[in-house]
Amino acid sequence: MLNIEKRKDYIPKLLNELKDILNLKKPPRLIEAFDISHLGGTDTVASMVVFKDGRPFKSAYRKYNINVDKVDDFESMREVVFRRYKRQLNEKNTLPDLVLIDGGKGQLSAALESLEELKLDLPIVALAKRLEELFLPEQKDSLRIAKNSPALNILKQLRDEAHRFAITFQRQKRTKGIAKSKFEDIPGVGKKTVEKIYKRFQNISDMKDLSDKALSYKLGVSRKIAIEIKKII
């Protein structure tokens with residue numbers, strides 16, 4: 001990955017490359033990235049991190065409690081994007097040159113709905129984790145870009161920073177006991193099992209990829225309980 005701090009002379013070239021790849025009107029000197037994270041169904045949070053001239057601008061980072069009744073990444077993304085830019089408009093603050101969404105076409109569409117509701121025309125892209133695919137509005141297929149591209153690397157760095165910030169906030173909430181996990185409502189699941197879930201899975205959706213047997217082993221519960229846990233993810 002490109003070491004931004006050691007290659008300060010390269011930043012203007014990198015941002016121009018990103019401008020050309022994404023067909024932007026100007027180099028994206030100010031980029032805001034969003035991530036959604038949840039554990040236990042009722043503990044959904046969102047993060048918004050900012051890169052200014054290719055570097056983290058930490059004083060501008062923001063974290064959000066999300067007001068959804070169930071795990072819904074699309075609705076959560078719709079909410080956080082709307083809240084962020086409604087406030088920016090109300091306070092007449094500077095808007096970003098580019099918005100980056102962690103996710104695929106679904107998350108991108110949800111974010112776009114909020115921007116359209118606010119009558120905002122901001123450049124926006126989504127970066128999916130699995131294959132590092134870039135999705136642009138009104139394009140059916142993902143944008144093909146070299147995996148070693150410095151422009152892609154800075155977007156990955158942004159996406160990963162947003163994820164890190166969301167996870168940190170979520171752990172702070174959990175430590176303070178603000179949210180009660182829905183998992184505790186499953187017969188046979190106690191606080192020790194919930195603590196294992198929190199410790200071993202950064203994002204609850206990661207459990208979906210495990211077989212019932214593998215999840216049962218990792219959490220030290222019966223396969224029946226593992227099945228019940230996956231039902232509420």
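The values are calculated or read from the model by the stated rules, or taken from the named source; none is laboratory data. Keep in mind the model is a prediction, meaning the values are calculated, not measured. In this analysis, Cβ positions are derived from the backbone assuming ideal geometry, glycine residues included, and neighbour counts consider all displayed protein chains.
Numbers below:
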read-out: Residue list for segment 80-97, restricted to those being surrounded by 17 or more Cβ atoms within 10 Å (Cβ to Cβ) and either under 13 Å from the mean Cα position of the chain (by Cα) or more than 17 Å from SER47 (Cβ to Cβ) (or both); value: VAL80, VAL81, ASP97
read-out: Given (1) modelled with pLDDT of 80 or more; (2) under 17 Å from ASP102 (Cα atoms), number of the condition GLN202 does not satisfy; value: (1)
read-out: Qualifying position, being farther than 27 Å from ILE21 by Cα and at pLDDT below 95, among GLN172, GLN139; value: GLN172
read-out: The listed residue being in contact with a Phe, Trp or Tyr (Cβ under 6 Å, 6 or more places away or on another chain) and either loosely packed, with under 15 Cβ neighbours inside 10 Å or of a type in the set (S, T, N, Q) (or both), out of SER76, SER47, SER59, SER109; value: SER47
read-out: Residue, modelled with the lowest pLDDT, within segment 24-61, restricted to residues that are acidic (Asp, Glu) and over 14 Å from the mean Cα position of the chain (by Cα); value: ASP43
read-out: Residues within segment 181-197 that are buried (at least 19 other Cβ atoms within 10 Å of the Cβ) and more than 17 Å from ILE227 (Cα to Cα), tallied; value: 0
read-out: Matching residues, segment 179-233, being of a type in the set (Ser, Thr, Tyr) and part of a helix (DSSP H, G or I); value: THR193, TYR198, SER205, SER216, TYR217
